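Contents: one structure, followed by commentary.
The values are calculated or read from the model by the stated rules, or taken from the named source; none is laboratory data. All figures in this text were calculated on a predicted structure; none of them were measured in a lab. Neighbour counts run over all protein chains shown; Cβ positions are idealised from the backbone, glycine included. Areas reflect the complete protein model, heavy atoms only, side chains present, ligands, DNA and RNA absent. Shrake-Rupley method; radii C 1.70, N 1.55, O 1.52, S 1.80 Å.
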Amino acid sequence: MGRNIGKVYETEDYDKFKYLKGNRKVKRNPSLERSILVHGMLIPISVNENMEILDGQSRYEIAKKFGKKILYRVSQGFGMKEVIDLNNTKKAWKLDDYINKYVSDGNLEYEKLQKLSKKYSSIPISSLMTAAQGLLNLSLKSSKNVREGRFKFYNYPHFCLFLEDYSEFIKCTDLKSSLYTFLGYFNLYTVKKFDRDRMIKGMRGKEELVNGIMSLDVVTEVFLEAHNYRLREEAITGKAIKFNLSKNEKPIISEERDFLLLQMSRKAD
């Protein structure tokens with residue numbers, strides 16, 4: 001195992017260590033790199049009996065890069081569950097970390113989610129996985145599903161078509177893609193009366209009302225007004241999307257939804 005220093009070992013045999021399948025991807029840490037370059041490794045990494053790194057992947061890679069000695073402790077019987085618990089007491093895993101873990105496990109739903117996240121990188125992962133599950137609003141349930149390995153696309157083929165439609169909408173306007181822009185658009189898109197071209201025309205010159213706004217209700221209302229521009233008097237013809245504001249000014253849409261992308265339980269906002 002190398003020379004024993006109390007309960008901490010040291011070695012320069014870098015090849016004896018392995019990465020634990022499903023662990024977080026290593027991200028560059030310039031300040032840690034400078035510290036190890038000057039002082040060497042000060043905090044030991046943690047490994048299990050199979051020499052899989054439980055904690056300290058960055059420290060290991062930096063020490064290896066500069067030819068510094070590896071300090072390590074061995075924790076018998078530890079695996080991915082303990083790694084997640086350990087990291088949650090230090091720095092909570094991000095959604096991307098959980099997705100990467102389940103991709104490593106071979107979960108096809110997570111593989112598809114990760115590919116879409118990379119393809120549509122301007123869409124925040126939290127809003128992407130919310131809409132992918134057929135939900136209109138961010139919720140603890142949607143993120144918990146992702147963290148606990150229960151994520152499933154509500155309708156993957158149609159969701160891919162929606163993403164292409166959303167991308168075209170962003171290209172045709174001066175809007176910036178954001179969490180609220182994405183979910184606001186998804187809200188209207190699931191209404192059967194929705195007309196993207198009409199909304200694009202109605203949004204011209206109004207982008208500043210949305211860009212930088214951190215309120216889904218405000219963004220959704222602006223989108224509804226843009227879609228219905230010059231249609232108020234034509235509401236009876238069925239072209240306008242009917243809605244009203246609740247007491248707390250939340251827009252409530254009273255139109256038939258297209259449940260190809262929306263869970264049937266969500267019959268209204």
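Within the range 164-191, which residues are touching a helix residue (DSSP H, G or I) at 6+ places or on another chain (Cβ under 7 Å), open to solvent by 10 Å² or more (accessible area, probe 1.4 Å) and in a helix (DSSP H, G or I)? Asp165, Leu179, Tyr180, Asn187, Tyr189, listed by residue number.
State yes or no: is Tyr60 within 26 Å of Gly77 (Cβ to Cβ), in contact with a strand residue (DSSP E or B) (Cβ under 6 Å, 6 or more places away or on another chain) and assigned to a strand (DSSP E or B)? So Tyr60 fails the test. Just one residue in the set Leu95, Leu37 is at pLDDT 85 or above and under 30 Å from Ile123 (Cβ atoms); that residue is Leu95. Across the range 241-269, the number of residues qualifying as aliphatic (A, V, I, L, M), part of a loop (DSSP other than H, G, I, E, B) and either modelled with pLDDT under 90 or exposed (fewer than 14 other Cβ atoms within 10 Å of the Cβ) (or both) comes to 2.
Among the residues of the range 207-223, is any exposed (fewer than 14 other Cβ atoms within 10 Å of the Cβ), in a loop (DSSP other than H, G, I, E, B) and among the charged types (D, E, K, R)? Within the range 207-223, none of the residues are exposed (fewer than 14 other Cβ atoms within 10 Å of the Cβ), in a loop (DSSP other than H, G, I, E, B) and among the charged types (D, E, K, R). Among residues of the range 54-80 that are modelled with pLDDT under 85, those with a beta-carbon under 6 Å from a residue that is among the aromatic types (Phe, Trp, Tyr) at least six positions away or on a different chain give the pairs Leu54/Phe78. Residues in the range 11-33 that are open to solvent by 40 Å² or more (accessible area, probe 1.4 Å), modelled with pLDDT under 80 and not aliphatic (A, V, I, L, M) were compared, and the one that is farthest from the chain's Cα centre (by Cα) is Lys21.
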